[in-house]
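The values are calculated or read from the model by the stated rules, or taken from the named source; none is laboratory data. Treat the numbers as computed from the prediction; the structure is a model and nothing was measured. Please note: Cβ atoms are built from the backbone with ideal geometry, for glycine as well, and neighbour counts cover all protein chains shown.
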Amino acid sequence: MSKSGKIVAAVDVGTTKVVVVAGRKNEAGKIEILGYGKARSMGVKRGVVLNIDEAFSAIHEAIRQAEDAFQGDIEEVYVNIVGQQLKTLTNKGERYIGERRIVSEEDVDALFQQVKKVDLPAGYKIYHTSPLLFTIDHEAGIPNPVGMAGEKMQADFKLLVAPEVYEENLKLCFERAGITIRKTMIDPLASSEMLLSEDEKEAGVVLLDIGGGTTKMAVYRDGVLCYSALIPFGGNVITHDIKEGCTILARQAESLKVQFGQAMGDFAPEDKVVTIPGISGWEPKEISFKSLAFIIQARMEEIIEAFFFQLEKSGYMDQVGAGIVLTGGSALMPNLGQLIKFQTGLDVRKGIPRLKLGDQYKELEDPRNATVLGLLQMALNETEQEPTKEFFFKAKKKKVRSTQPGFFSQMKKEVTRQVTLFFDDEQDTEMF
C-alpha cells in the first residue's frame, strides 16, 4: 500500500443509506480506496437528519466497517448537505479598485466577502458561493479578473443557502462518535465532481439524481452551479406503488423493482411473469413484467413532471445545451433515459463515476456512490497542498465510541438489521 498521500474520509448521509469511504492518492496520483462501509439509514427524512440518536447508530455502523477494512480510526470527515429547504439566491457584488489598478486575488476575496453580507431567511446560512462572469469597468464576460486593470469590478453571485440546523444535526451525530466534520459540501457539488465534465458544465447541463428517498437536481451553466432543488420522493414511492398494486410485501416489491423493473411498459415483454411465494401457506402470485413496468412508469412520469416544473422555474430551461445526466439508484433502471427524453425533449446520458477502483471495490463504481466518491475526490484535492499530516487517520487502537444516550437505539438497529438480513436471504432463496 502506498504511503504517499494523506488518508481522507468522506461520508454520504442519505435517506436510505449511509456510505463511508476512506482513501488517499497513490504515487501515481490516482485515488486508492482503503476502507468502505455501508449501513441502512435511520433517523433521516428527505436527506435531513431529524433523529440524532438513530442517525448516529447508522453512521457509527458504516464508519466501523470502513475502519475495520484498513485497521485505523477515522478522526475527521467530509460530509454532504442536502434537504428540501436548500435555496439558490442571486446577489450582485461591486468593488472599486482605484485608478486603473491591477486586480489582485485580495480584491476578488473582498468581493466574495461583500456578497456574503446579505439578508437571509431566519435560521439559514450560506453553504456555497459561486460567481458568474465578472465585469471590469465596461468589459463583461470575464471568467477570471485577476491581473486585469480597471477601476471597478462587478459580478453576479449564486448563493446556495439552507437551514443551519442541517449542519448542526450532522455535527451532533458525528461528535457523539468522536469524529469532527472537517467540511460540509452541498450534495450536487460533490456528485458533479465525479459525473460531469467541464465542457458539460460550460454548455449547460442538468444533474438529475433519483435516489431512494429523494430526487435532487442541479443546473450548471458557464461552469457554475446556478440552481439546485430537491423533490421529496424517489425510488421508495415506486416500491410502495408496487407493493400496493401487487398486494405483496415491501421487501418483495423492492426485489421486483430492482431485478425485473423497467421504466416503460410498452417495452416490457407480454409473455413473461415472475412468481412471488405465498405468505404463511397462501398461494403464490404471478406478476407480469408488463404490469410491473406500467406501475413503475406511472410514478416515474410523476417524478419527471415535478423535475420539469423545477427546471422551468429555474429559468435555465433553454440553456442546458448538453442535456441531462442521470444518476442515483434509479439511473440503473432499463429505459429510464428514453422515458425522460420522451417527456422532456432533452438528451439524456447515464452518469457513471469516472474512477476505476479494482476488483475489491468494484461495487463503488456505481451511480449510487457518485456523491461519496465526489466528496472524497474534492477532499483529496483540497488537502494535497496542506502540510504533511494525516489528520484524518490514526493507527488502530482500542477505542470506544459513545453510545449514550443512543444505546437502546443501537440495540434496536442491530436486531432490525439481523431480522432484515434473514428475510432478505430467505426471499432470495425462495423467489429467485
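If you scan the stretch 202-222, which residues turn out to be charged (D, E, K, R) and either part of a strand (DSSP E or B) or in the same structural domain as residue 376 (by TED's automatic domain parsing) (or both)?
Within the stretch 202-222, 209, 216, 221 qualify.
How many of the residues in the stretch 238-284 are out of contact with any Phe, Trp or Tyr (no Cβ under 6 Å at 6 or more places or on another chain), among the hydrophobic types (A, V, I, L, M, F, W, C) and over 25 Å from residue 214 (Cβ atoms)?
Number of matching residues: 5.
Taking the stretch 131-142 as the search range and keeping residues that are buried (at least 18 other Cβ atoms within 10 Å of the Cβ) and more than 14 Å from residue 103 (Cα to Cα), which one is modelled with the highest pLDDT?
Here the residue is 131.
Could you run through the stretch 108-122 and say how many residues are free of Cβ contacts under 8 Å to residues at least 12 places away in the same chain and either closer than 20 Å to residue 150 by Cβ or hydroxyl-bearing (Ser, Thr, Tyr) (or both)?
2
Is there any pair with a first residue in the stretch 167-188 that is in contact (Cβ under 8 Å) with a residue 12 or more places away in the chain and a second that is assigned to a strand (DSSP E or B) and basic (Lys, Arg) whose Cβ atoms are under 9 Å apart and which are 6 or more apart or on different chains, and what are they?
167/125; 187/216; 188/216
Among the residues of the stretch 208-222, is there at least one that is within 16 Å of residue 327 (Cα to Cα), touching a residue at least 60 places away in the same chain (Cβ under 8 Å) and more than 15 Å from the chain's Cα centre (by Cα)?
No - not one qualifying residue is present in the stretch 208-222.
Being free of Cβ contacts under 8 Å to residues at least 60 places away in the same chain and part of a strand (DSSP E or B): is that true of residue 129 here?
The answer is yes for residue 129.
Please pick out the residue among 165, 237, 224 that is out of contact with any Pro (no Cβ under 9 Å at 6 or more places or on another chain), among the β-branched types (Val, Ile, Thr) and closer than 30 Å to residue 114 by Cβ.
Of the residues listed, the single one that is out of contact with any Pro (no Cβ under 9 Å at 6 or more places or on another chain), among the β-branched types (Val, Ile, Thr) and closer than 30 Å to residue 114 by Cβ is 165.
Of these, 26, 80, which one is among the polar types (S, T, N, Q), surrounded by 22 or more Cβ atoms within 10 Å (Cβ to Cβ) and under 25 Å from residue 381 (Cα atoms)?
From the options 26, 80, the qualifying one is 80.
Would the stretch 309-319 turn up any residue that is in contact with a Gly (Cβ under 7 Å, 6 or more places away or on another chain) and either outside the structural domain of residue 229 (by TED's automatic domain parsing) or buried (at least 18 other Cβ atoms within 10 Å of the Cβ) (or both)?
no
Just a yes or no: is a residue in the stretch 149-165 free of Cβ contacts under 8 Å to residues at least 60 places away in the same chain, of a type in the set (Gly, Ala, Ser) and within 25 Å of residue 104 (Cα to Cα)?
Yes.
Report, by residue number, each residue of the stretch 94-121 that is surrounded by fewer than 12 Cβ atoms within 10 Å (Cβ to Cβ) and either touching a Ser or Thr at 6+ places or on another chain (Cβ under 9 Å) or of a type in the set (Lys, Arg) (or both).
Correct list: 100, 117.
Take the residues of the stretch 62-89 that are assigned to a loop (DSSP other than H, G, I, E, B) and out of contact with any Phe, Trp or Tyr (no Cβ under 9 Å at 6 or more places or on another chain): which is modelled with the highest pLDDT?
For the stretch 62-89, the residue satisfying everything is 71.
For every residue, the table says whether it meets (1) on the phi > 0 side of the Ramachandran plot; (2) in contact with a Phe, Trp or Tyr (Cβ under 8 Å, 6 or more places away or on another chain); (3) not assigned by TED's automatic domain parsing to the domain that holds residue 134; (4) not in a strand (DSSP E or B).
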{"residue": "29", "(1), (2), (3), (4)": "yes, no, yes, yes"}
{"residue": "36", "(1), (2), (3), (4)": "no, yes, yes, no"}
{"residue": "60", "(1), (2), (3), (4)": "no, no, yes, yes"}
{"residue": "98", "(1), (2), (3), (4)": "yes, no, no, no"}
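Every residue in the stretch 143-196 that is of a type in the set (Gly, Ala, Ser), part of a strand (DSSP E or B) and surrounded by 17 or more Cβ atoms within 10 Å (Cβ to Cβ), please.
Within the stretch 143-196, 150, 155, 162 meet the criteria.
Does residue 91 fit the bill of being surrounded by 18 or more Cβ atoms within 10 Å (Cβ to Cβ) and under 27 Å from residue 160 (Cβ atoms)?
No.
Considering the stretch 38-57 alone, what residues qualify as being touching a helix residue (DSSP H, G or I) at 6+ places or on another chain (Cβ under 7 Å), of a type outside the set (Asp, Glu) and either assigned by TED's automatic domain parsing to the domain that holds residue 239 or on the phi < 0 side of the Ramachandran plot (or both)?
Residues satisfying the conditions are 38, 39, 40, 41, 42, 44, 48, 49, 52, 55, 56, 57.
Quick check on residue 376: is it within 30 Å of residue 310 (Cα to Cα) and either assigned to a helix (DSSP H, G or I) or at pLDDT 90 or above (or both)?
yes
When you scan the stretch 239-344 for strands (runs of 3 or more DSSP E) that lie fully inside it, which ones turn up with 1 or more residues that are free of Cβ contacts under 8 Å to residues at least 24 places away in the same chain?
273-276, 285-288
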